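The block underneath contains the structure these notes are about, expressed in structure tokens.
The values are calculated or read from the model by the stated rules, or taken from the named source; none is laboratory data. None of these values were measured; they are calculated from a predicted model. Don't worry about glycine lacking a Cβ; one is built from the backbone with ideal geometry, like all the others, and counts go over all protein chains shown.
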Amino acid sequence: MAVELVGASRRRSGMRSGTSGHLVGIGAAVVAAALALSGCGQGATVQSGGSAASGSGSASSKAPSPSEGSTTSGGLAGKEYVSTGRTKDGKPYPLVPGSTVHLTFKDGRVVANAGCNTMSGAAGVKDGKLVLLGPTTSTMMGCEKALMDQDAWLGQLLESSPTVAVQGSTLTLTAGGTVLTLTDAAVAQPALPLTGTLWNLNSISTGDSATPGTTVSSVPAGVTSTMRIVGGTMQVQAGCNTGSGTVAVTDTTMEIGPIALTRKMCPQDAMTVEHAVTSVLQGTVKYSIKSSALTVTGTGGTLTYQVKRGA
């Protein structure tokens, strides 16, 4: 069997994406993504202006944002929450099967994900309400319509300045007749172990994640990329080819030796993902695990892996 040693010399191919500068509400941004990218696996980041939701399925209108100095963290700083229930007018209002809402509060910002795109913006708590403090951003990855609609719903919920209630490990957001209940991720979903877990690639970020213009791409439909560490060996399905290499793990880093891959040729989407994966999984990389999500960052970018609970 022919193999190829993948190391620092392998060229990284860029992920196709674009950037939009239009100022729109988060909800409207992800609706636009659904219209423009339905069935597509590529993503970009768009910026939006803080706005108030005007109802399900409608574009949001711009609204003035409160000054940052008038808000507090509301006890949410440094917390990550996952959804455990949703009701509307007192009746169950289930999320898309297999999806979960994630909210992370860090450095004066809220980062939100409802199963497809990731939204973020400066936020704080004022008069018992969660308020956005200015322009927000959202990736624009194409997912199934139900998840895109759910993204839009979450964006509109955040823009509507929902009432916040924190009791122990439970966070409740209420807007109109809708109640979203979330639980501290450390309680609801303890972090999975790095070794022995089959990690499925969810998204790819190229470039420095701290640099404006960084592109984020989802894994195209029909392409699978996984990673598992067993003992001192990293087993990789890179997108097209499979292989393995040595790995030494610490609490925050992995030292990855050259990965020997088979040398099949596959459709372009699979090869593009493979180039992105192998550009990151080499040398010394940093990693972190939150619940069922693994983030790996190297000189070639950042890979985000996900495990479906109960899978």
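Things worth noting here:
- Residues within segment 245-279 that are touching a Leu at 6+ places or on another chain (Cβ under 6 Å) and under 18 Å from THR197 (Cβ atoms), tallied: 1
- Here segment 74-117 is the region considered, the condition is being touching a residue at least 40 places away in the same chain (Cβ under 8 Å) and among the acidic types (Asp, Glu), and the residue that is farthest from THR183 (Cα to Cα) is ASP89.
- Of all residues in segment 263-277, those satisfying the criterion of being in a helix (DSSP H, G or I), farther than 13 Å from ALA221 by Cβ and in contact (Cβ under 8 Å) with a residue 12 or more places away in the chain are MET271, THR272, GLU274, HIS275, ALA276, VAL277.
- THR262 vs. criteria in the same structural domain as GLY231 (by TED's automatic domain parsing), over 22 Å from ALA191 (Cα atoms) and hydroxyl-bearing (Ser, Thr, Tyr): yes
- Test: GLY124 is more than 16 Å from the chain's Cα centre (by Cα) and either in a helix (DSSP H, G or I) or closer than 17 Å to ASP184 by Cα (or both): no
- Residue within segment 282-303 that is in the same structural domain as VAL219 (by TED's automatic domain parsing), assigned to a helix (DSSP H, G or I) and modelled with pLDDT of 95 or more present: no
- Checking each residue in segment 154-206 for being part of a loop (DSSP other than H, G, I, E, B), within 30 Å of PRO220 (Cβ to Cβ) and touching a Ser or Thr at 6+ places or on another chain (Cβ under 8 Å) picks out GLN189, ALA191, LEU192, LEU198.
Residues are listed down the side, and each one gets a yes or a no for (1) out of contact with any Phe, Trp or Tyr (no Cβ under 8 Å at 6 or more places or on another chain); (2) under 30 Å from ASP251 (Cβ atoms); (3) buried (at least 21 other Cβ atoms within 10 Å of the Cβ):
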position	(1), (2), (3)
LYS129	yes, no, no
LYS145	yes, no, no
GLY155	yes, no, yes
VAL166	yes, yes, no
THR172	yes, no, no
ALA175	yes, no, no
ASP184	no, yes, no
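- Restricting segment 228-271 to residues that are touching a helix residue (DSSP H, G or I) at 6+ places or on another chain (Cβ under 8 Å) and under 20 Å from ASN202 (Cα atoms), the residue that is surrounded by the fewest Cβ atoms within 10 Å (Cβ to Cβ): CYS266
- Conditions (1) surrounded by fewer than 15 Cβ atoms within 10 Å (Cβ to Cβ); (2) touching a Ser or Thr at 6+ places or on another chain (Cβ under 9 Å): number failed by PRO94: (2)
- Per-region count, segment 106-117, residues within 15 Å of LEU157 (Cβ to Cβ) and in a strand (DSSP E or B): 4
- From THR211, THR226, THR206, residue being among the hydroxyl-bearing types (Ser, Thr, Tyr), more than 30 Å from ASP127 (Cβ to Cβ), outside the structural domain of THR136 (by TED's automatic domain parsing) and at pLDDT 95 or above: THR226
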